[in-house]
Amino acid sequence: MTNRIWRGALGVLVLAPLLFVARRGAGPLPPLGALIDPVHGAWAAALHARMLKRANADVPGLSGTVSVRYDDRGVPHIFASAELDAYRALGYVVARDRLFQLDLQARAGAGTLSEWVGAQALAFDRQTRELGMPRAAEQKLAALDTAGISWHLLQAFADGVNAYVDRLTPAQWPVEYKLLGVKPDRWQPINSLHLFNRMGFTLSYIPDETARLAARALVGDSAADALFPIDAPIQQPIQPAGPPVPSFAFRALPAPGRPDTAAAQLASLFRGLRPPGEAAGADRQHFASNNWAVGPARSADGHALLANDPHLDLTLPSIWYEAQLVVPGKLDVYGVTIPGLPGIVLGFNRDVAWGFTNTGADVLDFYKETVNDPANPTRYEVDGTWRPLERRVVVYRGKHGEVLATDTVRYTYRGPLMHRFGEWVSMRWTLLEPSHEVRALYDAAHASTAREFLDVMARSFFVPAQNMLVADRHGTIAIRSTGHFPLRPPGTNGLEIFDGSRSSNDWRGYWPVDHYPQSVDPAQGFLASANQQPEAPHAQYAYLGDERAYDPWRALDINQLLRGNAKVTVDDMRGYQVSPLSVRARQFLPFFVAAAESPTGGAYATPALQSAVRILSRWNENYTRDNGGAALFEQAMQDLRDFTWDELDDAQGHRVATPSDEVMLELLNQPQSTWWDDRRTPNVVETRDKVVAHALAAAYDTLAARYGDPAANGWTWDQIAKVNIRHLLRLPGFSALGLVTDGGRGTLNPAPGGGGAGPSWRLVVDLGPHVKAWDTYPGGQSGNPASPEYEDRIPQWLAGKLSPALVPGDTAALPANRVRATLTLAPEARR
């Protein structure tokens with residue numbers, strides 16, 4: 001692993017001639033003389049990569065000694081006599097393994113990345129501040145009762161992190177600090193709230209109104225609303241509704257209509273509200289996840305079973321850190337945390353197991369405000385009364401304290417006020433509201449039944465809204481979409497910009513918990529969520545979100561698997577998580593084959609088309625690494641989108657928005673629709689089969705030009721769909737690139753071609769008399785690139801395997817031959 005450190009360092013050294021950079025530095029990088037110092041530089045990372053067999057440390061604030069036993073997978077098992085001591089120890093061990101990650105994520109949430117890397121992070125910092133996220137963290141911290149458990153948990157975790165930071169010498173700093181020329185910061189309790197907010201941003205800041213508005217500007221309201229519907233045309237809801245089979249509510253798509261010129265301006269406003277670098281209409285379904293549970297009546301061993309695999313960004317080090325916290329008689333919880341959070345996010349205790357998927361709820365709205373001065377407003381009007389704007393001056397500094405920019409961030413009573421395309425727009429977002437997620441994680445760890453878990457989470461967990469699946473040892477399985485869901489004015493939804501001058505446009509509160517999408521012990525004997533629409537449209541209490549946030553394909557697959565298996569085993573659960581079958585491909589393939597063989601599609605009856613049909617006809621719709629059909633299918637789907645939705649191209653030929661694959665399937669069932677005619681060919685009227693056959697022929701030609709003859713195996717999935725797990729600083733030498741696994745778009749194992757997001761953790765739990773669990777994630781426990789535990793789990797993850805979790809109730813129950821290291825933490829000056 002020492003070689004990995006130098007590969008990463010060399011990735012920096014090649015940026016400039018070595019001697020010059022060693023003296024002067026280059027851009028955001030420091031002078032490299034310190035980096036190549038044999039005592040304090042990159043070599044030191046290798047020297048400190050392995051933990052000692054036995055180690056001791058003082059932690060201020062501890063009330064007693066804490067024993068931490070690291071097992072042979074690098075998982076710390078924390079045994080304490082007091083709960084807060086366990087959370088202090090959690091802070092210490094997370095800092096020991098993931099210190100740079102802690103710092104980086106906190107800075108991302110606080111909007112201070114530019115202080116580390118300079119102007120290249122300025123746009124991201126500006127958006128973080130403009131959205132009001134640091135201000136919200138300050139307000140949430142100030143609202144905490146200093147005698148309450150949330151405050152004490154935040155402080156205890158900070159005590160542990162700082163005990164580790166304070167004992168470090170510069171030689172022991174993680175190598176990334178040396179690459180950037182910065183040093184570790186002491187951890188503040190607010191940093192955990194910054195991290196909560198950053199996760200909330202990732203999973204709930206979805207201003208998806210852009211696509212529908214941009215489409216209205218070109219094809220009119222009726223057509224645009226059909227292409228970008230509120231309700232998904234394919235329904236397999238999380239909350240069971242009637243027979244456990246999917247419904248395909250396809251409707252005739254209206255023809256393109258008169259452009260809506262007013263929508264064009266609104267679409268421009270929304271484009272200006274998207275994250276930096278993200279295109280309008282960008283696919284956010286890659287933040288997908290799966291969870292499902294099986295009741296005792298449908299499991300082979302008569303116990304409730306639960307599986308969870310959240311699909312998030314794949315990074316090194318991983319987003320997750322695995323740990324167990326044990327306090328006899330009070331706490332015994334195992335699972336993964338996000339480094340920086342004081343608690344277990346996903347996992348289980350001795351009675352209950354739980355897992356989350358993202359709800360995709362629309363929890364933010366925008367308001368066009370009337371201000372007193374368009375250039376420099378100080379007041380805004382509501383119901384005929386002028387109110388003062390709260391103003392904050394924000395100074396952005398670079399690595400050396402220099403001022404990079406200064407902004408004035410303004411706030412209405414609803415939230416932050418932003419200036420876009422000549423308009424002032426304010427935002428209300430649940431992330432910025434008072435919330436109690438720290439308490440929620442604490443209470444979840446103590447829940448003893450599934451119903452108790454749901455109740456404590458509904459009281460305290462507000463954002464990001466999650467489909468919370470839970471099972472217990474009594475055999476109960478349950479799910480609830482949990483979060484704060486806004487109640488908007490009657491007759492409205494979140495797909496417009498409201499008039500901010502009228503308080504009647506404000507939210508009326510939040511959904512009552514009784515009306516959340518939910519189910520407990522359904523008659524079908526299983527529950528599953530995979531980012532599909534939570535409730536059937538007729539059952540929904542109010543507007544929750546729109547179709548662009550939902551993805552039906554994996555839900556169709558897992559529901560079909562669970563319906564067809566009356567005696568599910570643990571091995572079945574593990575196998576389902578890595579299933580490469582594509583229900584999506586199964587729906588579309590017949591249209592490609594039929595079109596190619598039809599008289600209309602015969603216009604493209606070339607040898608290429610005939611070869612393409614043979615490839616797809618032989619393909620079994622599985623995205624296995626050695627298959628030759630998946631690449632052709634995906635290219636054909638891309639070409640089909642390109643050839644079909646030309647009406648959504650602007651005057652410059654740019655596609656302003658692309659309907660989902662569900663809507664494409666809806667259109668494929670309407671062969672006479674006017675949408676098949678390509679307006680770019682005025683003297684020809686295209687038909688469905690002609691367009692579909694053309695897409696398949698073009699896909700074959702594209703792959704042949706790119707990868708050669710398919711008979712030479714250049715089209716196999718392992719040659720085309722690589723998985724890239726990138727270091728947090730995107731340094732190639734510290735990344736795992738060009739990996740190969742099964743799975744693809746729309747499969748239960750959505751391995752991404754080209755990297756990005758994917759199954760970030762896999763867990764299966766058997767809730768018998770003695771809880772058993774199996775898990776893994778793509779990475780390792782250590783954040784040190786020189787450590788053998790930096791990426792040791794990746795081969796297992798690629799192979800679709802899980803490891804049994806060791807879950808000892810006390811130190812004696814942990815086999816001695818499985819203990820890799822022992823860390824003893826003691827109160828300061830009492831060891």
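Among 732-740, 757-765, how do they line up from the highest to the lowest mean number of other beta-carbon atoms within 10 Å?
757-765, 732-740
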Inset, instruction - Report, by chain and number, residues whose modeled amide H sits under 5 Å from the one on residue 727, excluding near sequence neighbours (fewer than 5 apart, same chain). - result: 316, 735, 736
Inset, instruction - Mind jotting down the distance between the C-alpha centroids of segment 297-369 and segment 574-637, whole Å? - result: 36 Å
Legend entry - Globularity ratio of segment 114-258, using Cα Rg and 2.2 N^0.38 Å: 1.66
Inset, instruction - Select from segment 407-487 those chymotrypsin sites (Phe, Trp or Tyr not before Pro) which occupy a DSSP coil region and have at most 16 other Cβ atoms within 10 Å, ordered by residue number. - result: 413, 421
Inset, instruction - Give me the net charge of residue 675's neighbourhood, meaning all other residues with Cβ under 11 Å from the Cβ of residue 675; Lys, Arg count +1, Asp, Glu -1. - result: -4
Inset, instruction - Report the equivalent ellipsoid semi-axes for segment 758-811 in whole Å, largest first, defined as the square roots of five times the eigenvalues of the gyration tensor built from alpha carbon atoms. - result: 24, 15, 8
Inset, instruction - Would you mind working out the accessible area per residue for segment 135-193, using a 1.4 Å probe, and quoting it in Å²? - result: 39 Å²
Legend entry - Average Cα contact separation per residue, the chain, under 8 Å, 6 or more apart, as relative contact order %: 20 percent
Inset, instruction - Over segment 583-720, give the accessible area per residue in Å² for a 1.4 Å probe, as an integer. - result: 43 Å²
Inset, instruction - List the residues whose amide H sits under 5 Å from the amide H of residue 475, counting only those 5 or more places along or on another chain, with H placed 1.01 Å from N in the peptide plane. - result: 304
Inset, instruction - At q = 0.10, 0.13, 0.21 Å⁻¹, work out log10 I(q)/I(0) for segment 583-720 with the Debye formula, treating every Cα as an identical point scatterer and leaving solvent out; two decimals please. - result: -0.32, -0.55, -1.30
Inset, instruction - Could you please state how large a percent of the accessible area of the chain is carbon and sulfur, counting protein chains only and using a 1.4 Å probe? - result: 52 percent
Legend entry - Cross-link partners of residue 399 among lysines (Cα-Cα below 20 Å; sequence separation of 8 or more within a chain): 178, 183
Legend entry - In order through segment 711-727: 3J(HN,Hα) via Karplus (6.51 cos²θ - 1.76 cosθ + 1.60), integer Hz, x for Gly, Pro: 5, 8, 6, x, 9, 5, 4, 5, 7, 10, 9, 8, 9, 10, 10, 9, 4
Inset, instruction - Run down the lysines and flag those whose C-alpha is under 25 Å from the C-alpha of residue 722, throwing out any fewer than 8 positions away in its chain. - result: 801
Inset, instruction - Count charges around residue 188 for me, please; just the other residues with Cβ under 12 Å from its Cβ, Lys/Arg as +1, Asp/Glu as -1. - result: -2
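Can you order the peptides 580-590, 111-121, 227-237, 55-65 by their average number of other Cβ atoms within 10 Å per residue, highest first?
Result, highest mean Cβ count within 10 Å first: 227-237, 580-590, 111-121, 55-65.
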Legend entry - Residue-averaged [θ]222 nm for the chain, counting only DSSP H segments that reach four residues, each worth -39500 (n - 2.57): -9500 deg cm²/dmol
Inset, instruction - Any aspartates and glutamates with Cα under 18 Å of the residue 140 Cα? List them, leaving off those in the same chain fewer than 8 positions away. - result: 130, 390, 433, 437
Legend entry - Placed amide H near residue 257: partners under 5 Å, 5+ positions off or other chain: 220, 223
Inset, instruction - Would you mind estimating how fast the chain diffuses translationally, via Stokes-Einstein at 10 °C and 1.306 mPa s with the Kirkwood radius over Cα pairs, in µm²/s? - result: 56 µm²/s
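With the cut-off at 19 Å, report for segment 412-471 the share of all Cα pairs above it, as a whole percent. Walk me through the numbers before you get to the answer.
On the way: 813 of 1770 pairs.
Distances greater than 19 Å cover 46 percent of the Cα pairs.
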Legend entry - Hull shadow area, averaged, segment 285-411 [alpha-carbon convex hull, nm²]: 16.0 nm²
Legend entry - Computed P(r) (all Cα pairs; segment 475-536; 5 Å bins; percent): 3, 14, 20, 19, 13, 11, 9, 5, 3, 1, 0
Legend entry - Ratio of the Cα radius of gyration of segment 86-126 to 2.2 N^0.38 Å, where N counts its residues: 1.41
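The values are calculated or read from the model by the stated rules, or taken from the named source; none is laboratory data. None of the values given here were measured: they were computed from a predicted structure. Using ideal geometry, Cβ is built from the backbone for each residue, glycine included, and neighbour counts are taken over all protein chains shown. With ligands, DNA and RNA removed, areas are computed over all heavy atoms of the protein, side chains included. Shrake-Rupley method; radii C 1.70, N 1.55, O 1.52, S 1.80 Å.
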